[in-house]
Amino acid sequence: MKKYEIDSELAKLTKQKAPSNIHLYPIVNMAMKLSACESDDKVTVKKYVTPGYKSGKLSTFVIEPKKHSGILPCIVFYHGGGFLLKASRAHYQIAKWYAEMAKCKVVFTDYRLLPKNKYPVPVEDCYCTYKWILNYADTLEINKDKIIVTGDSAGGNLAAAVTLMLWDRIHISPLGAMLIYPVTDRRMITESMKKYTDTPVWDAALTKMFWKAYLGNQETKQIQYASPIEAESLEHFPNVYMEVAEFDSLRDEGIAFAERLQAEGVFTELHEVKGACHGYETVLESRIVRESIQRRIRWIQSIFNKQ
């Protein structure tokens, strides 16, 4: 592995790499089940069984700040993991921080994964979760006019795709979309994809593996819901917050997506996190993550306070 100028507080990531054998992920996920999303002194976590695609059943958590009650804004959180991994302890902690710091509810769904569940199952599951929120907003005490979608990596892909689906199918948009080093382009044609073939945690070869698994050999209709940058139009997106990592094969497709949004008139806030590789937000105690969370909270609050 080449030496990259990774921030010293992220040093432990330089020794981490996702498995290149797709059949190992179900085994890894058995261990991931130990990372539970539970209530603590700052938030309350409620678990629901919610509808998924084609009669599927999903485990969905609603995280609520303890010091705030009544009808609240909402963040819909789609976790990353290459469409292969379950949510991690870091995902749950970040979701809790959003609820606590932004004074909102966070809906966190356990969508179905590869290798068993190929496209479009994961994204359709995520769309079903958003529709569930709309249908039960009164019961959940969620302000359905103040919803932000967010996700990291594959979760960023899902957040962008659900935003497209919502407009195409029912002509609504969330109030904002927060995309953290998202997957946006199946074509793998950017300079960072060509350059970062041996970066920590995730690289171009792993991206190629998951695209092959996700799309397979099927003739993919409505490719924009898998590869959002290929959508005919992005003009109906709400305000977008984008973070990309300096040493990440996905960096340039995130930047390209942000630039296209801006070109189509969508207000987009773009941050390139220097000294970071893919998955940096798993190092919760690092300065980079602390600063990123503070920046995101400011953006979230600005969106919720718009109306």
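Every number in this text was worked out from the coordinates using simple rules, so none of it is lab data. Owing to the predicted nature of the structure, the values given are computational and were not obtained by experimental measurement. Don't worry about glycine lacking a Cβ; one is built from the backbone with ideal geometry, like all the others, and counts go over all protein chains shown.
Name the most mobile residue of Val244, Val76, Val289, meaning the one with the largest mean-square fluctuation, in a Gaussian network model of the chain with Cα contacts below 10 Å.
Comparing Val244, Val76, Val289 in a Gaussian network model of the chain, the most mobile one is Val289.
Name the residue farthest towards the positive end of the dipole of the chain from the options Val106, Ser59, Cys277, assuming +1 on Cβ of Lys and Arg, -1 on Cβ of Asp and Glu, about the Cα centre.
Ser59
Mind giving me the nanometre distance, one decimal, between the label points for Ser20 and Arg89, set 7 Å out from Cα along Cα→Cβ?
Using points 7 Å along Cα→Cβ, the separation is 2.9 nm.
Can you pick out the pairs among Lys47/Lys144; Lys144/Lys221; Lys57/Lys208; Lys116/Lys208; Lys33/Lys67 whose Cα atoms lie more than 23 Å from each other?
Listed pairs above 23 Å: Lys144/Lys221; Lys57/Lys208; Lys33/Lys67.
Of Thr190, Gly81, Thr207, which is farthest along the charge dipole of the chain in the positive direction, counting Lys and Arg as +1 and Asp and Glu as -1 at C-beta?
Positive-most Cα among the choices belongs to Gly81.
What is the fewest-to-most order of Asp110, Asp198, Asp203 by other Cβ atoms lying within 10 Å of their Cβ?
Listed from fewest to most nearby Cβ atoms, that is Asp198, Asp110, Asp203.
Rank Val244, Leu72, Gln224 by how far each Cα sits towards the positive end of the charge dipole of the stretch 8-304 (+1 on Lys, Arg Cβ; -1 on Asp, Glu Cβ) and give me just the farthest.
Leu72
Got the relative contact order for the chain handy, in percent, Cα pairs under 8 Å and 6 or more residues apart?
19 percent.
Among all the aspartates and glutamates, which ones have a C-alpha under 20 Å from Lys306's C-alpha, if same-chain residues fewer than 8 places away are not counted?
List returned: Glu100, Glu141, Asp145, Glu235, Glu269.
Among Lys146, Lys221, Lys194, whose mean-square fluctuation peaks in a Gaussian network model of the chain (Cα, cutoff 10 Å)?
Lys221
Counting helices only, and only those DSSP H runs with n ≥ 4, report the 222 nm mean residue ellipticity of the chain as the sum of -39,500 (n - 2.57) divided by its residues, in deg cm²/dmol to the nearest 500.
-10500 deg cm²/dmol
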